[in-house]
1. Name the residue, out of F154, F92, that is part of a helix (DSSP H, G or I), open to solvent by less than 40 Å² (accessible area, probe 1.4 Å) and of a type in the set (F, W, Y).
2. For region 164-182, name all the residues that are β-branched (V, I, T), in a helix (DSSP H, G or I) and more than 25 Å from L91 (Cβ to Cβ).
3. Answer with yes or no whether E161 is part of a helix (DSSP H, G or I), open to solvent by 90 Å² or more (accessible area, probe 1.4 Å) and over 16 Å from C23 (Cβ atoms).
4. Among the residues of region 141-182, write down those that are within 25 Å of T100 (Cβ to Cβ) and aromatic (F, W, Y).
5. Inside region 34-69, can you point out the residues that are part of a helix (DSSP H, G or I) and touching a Pro at 6+ places or on another chain (Cβ under 6 Å)?
6. Determine the pairs where a residue that is of a type outside the set (K, R), located within region 123-147, has a partner that is not in a helix (DSSP H, G or I) with Cβ atoms under 6 Å apart, the partner being 6 or more residues away or on another chain.
7. Looking at E19, E72, can you tell me which residue is part of a helix (DSSP H, G or I), acidic (D, E) and either surrounded by fewer than 16 Cβ atoms within 10 Å (Cβ to Cβ) or touching a Lys or Arg at 6+ places or on another chain (Cβ under 9 Å) (or both)?
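The values are calculated or read from the model by the stated rules, or taken from the named source; none is laboratory data. Since we're looking at a predicted model, the values are computed, not measured. Here Cβ is always computed from backbone atoms with ideal geometry, including for glycine, and neighbour counts include all displayed protein chains. Calculation scope for accessible area: heavy atoms of the full protein, side chains included, ligands and nucleic acids excluded. Shrake-Rupley method; radii C 1.70, N 1.55, O 1.52, S 1.80 Å.
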Amino acid sequence: MLKYVQFDRLSDAESSLDELCSCLERVSKSEHAWKYAIISTHCALQGYLCIALRNGNSFQTWKKNQYKKWQEADDNELKLPDPQLDFFMELFDKVFSSSTNIDRNLIVWLNETRNGLVHFNTDSYLIEKALIIKAVAQAVQAIKQTPSLAKGIFFYEDVQESSFQKACKKVETRLNSLTSNT
């Protein structure tokens, strides 16, 4: 057994899409699967946003002041700090700055709802199912557009692109099924 688990952005984002699909398949048996559908959607979108911004390095995914701190440490031969990933909506806006076909309000709702679910601190939490489906569907549309908006290479191998397309299609099929049943 290996002592480590390795994550990379592309496999993590795709795993998040797979988990989203799994959650959507389970929502009829357990309403708690909606929570993890929202979380996995957020994880997938964040991963694909970061891939779209990387352009050979991760600087565009960092908070604004992080590059300066990192550069100062590098210039002075100090230990390089672990950079902090920029806020989710900042990453979104960097990729979709000129796009008007994605409803930003639904992405904001997804982000805020995910934060509320992850940092749940009340006795109950009520979320409209139709709104979850709408926000998840909008996030999937954003995910599908990220390769064309990338600032560099998005897929390094053809199999990565076909796997991405297959995962997106599987989620859309499941969402369509839920929409017709809602």
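1. On inspection, the qualifying residue turns out to be F92.
2. Residues satisfying the conditions are T173, T179.
3. no
4. Scanning region 141-182 gives F154, F164.
5. Matches in region 34-69: Q66, K69.
6. Listed pairs, sorted by first residue: A130/T182; Q138/D103; A142/I102; P147/F154.
7. E72
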